[in-house]
Amino acid sequence: MDWTAIWVTFKLASLTSAALVIVGLPIAYWLTFSKWRGKFLIESVVALPLVLPPTVLGFYILVAIGPYSPVGRLYTDIVGHPLPFSFQGLLFASILYSLPFAVQPFASAFEHVDRKLIETSWTLGASKLATFFRLICPLSKAGLVTGIVLSFAHTLGEFGVVLMVGGNIEGQTRTVSIDIYDEVQALNYGSAAKTALLLLVVSYGVLLLVYAMNRKVWAAWPRR
């Protein structure tokens, strides 16, 4: 197995999940509690990566951060190298690609928090920020964990966006999915099978965690 590709993949998935907590929580909060009638427009944009082919999304991201775009030129002037085909560019693309996998579970969990509890907290003088961190987040724990775990697992298996934005640079943008593809192209089915089995086991473990969280299977276990 290509342990460098495995390291890059898990680093990418971990950083993407962490970034989506920071980015996804305020978006999910706004989508849940905003009374703006046009918020469905933003909801559709957030959910777009669910239906858009990864190569199409990757192409538009590549154009948006490329050296001829304002964002790409600004990044190159500051950092000294272009954003596409770098780990930073791949991370940016992964955050956009996995955004709905974090935001939708977050928003769904927020919707199930009793509004009376939230209004009572505000009535007692707690700020909206304090209410969010002390009341809404603890009561939405299962949904928050689900969003983090799903975005992590989704990033592990990225292929189209990785290939379009990151390419196949060993030690930087070469992920497990790209490694499996290359091994199959080279007819090294044994090596590809080992790496694929690793992804299968990790993905299954992630799903077990999500279903266990949502069904609270440990609630039946006696506490000591």
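Assorted remarks:
- Net charge of neighbours whose Cβ lies under 10 Å from the Cβ of Asp179, counting Lys and Arg as +1 and Asp and Glu as -1: -3
- The apolar share of the surface of the chain, taken as the fraction of accessible area on carbon and sulfur atoms (1.4 Å probe, ligands and nucleic acids excluded), comes to 68 percent.
- By accessible area with a 1.4 Å probe, ligands and nucleic acids excluded, highest first: order of Trp30, Trp36: Trp36, Trp30
- Helix 141-156 and the longest principal axis of the C-alpha atoms of the chain enclose an angle of approximately 10°.
- Distance from the alpha carbon centroid of the range 174-204 to that of the range 2-70 works out to 25 angstrom.
- Couplings 3J(HN,Hα) of the range 117-125, computed from phi: 5, 5, 5, 5, 4, 5, 5, 7, x Hz, in residue order, whole Hz [Karplus 6.51 cos²θ - 1.76 cosθ + 1.60, θ = phi - 60°; x for Gly and Pro].
- Exposure ranking of Lys194, Lys116 by accessible area [1.4 Å probe, largest first]: Lys116, Lys194
- Pairs of lysines in the chain (C-alpha under 28 Å apart; 8 or more residues apart or interchain): 13
- Taking Cα atoms only, the orientation of helix 39-51 departs from the longest principal axis of the chain by about 40 degrees.
- Residue among Met213, Ile65, Val202 farthest towards the positive dipole end of the chain, charges placed on Cβ: Met213
- Computed 3J(HN,Hα) for the range 14-24, one whole-Hz value per residue from the Karplus formula 6.51 cos²θ - 1.76 cosθ + 1.60 where θ = phi - 60°, is 5, 5, 5, 4, 5, 5, 6, 5, 5, 7, x, glycine and proline marked x.
- At most 16 other Cβ within 10 Å, DSSP loop - GluC sites (Glu not before Pro), the range 139-210: Glu170
- Per-residue SASA entry for Leu83, accessible area with 1.4 Å probe, Å² rounded to 10: 20 Å²
- Computed from phi, the 3J(HN,Hα) profile of the range 57-64 under the Karplus parametrisation 6.51, -1.76, 1.60 (θ = phi - 60°) reads 4, x, 4, 5, 5, 4, 5, 5 Hz, with x in place of Gly and Pro.
- A 1.4 Å probe, protein heavy atoms only, puts the accessible area of Lys141 near 130 Å².
- Cα-centre dipole for the chain with unit charges at Cβ (Lys and Arg positive, Asp and Glu negative), debye to 20: 1120 debye
The values are calculated or read from the model by the stated rules, or taken from the named source; none is laboratory data. Just so it is clear, the model here is predicted, and its values are computed rather than measured. Note that we place each Cβ from the backbone using ideal geometry, even for glycine, and neighbour counts take in every protein chain shown. Just the protein is used for accessible areas: all its heavy atoms, side chains included, with ligands, DNA and RNA removed. Shrake-Rupley method; radii C 1.70, N 1.55, O 1.52, S 1.80 Å.
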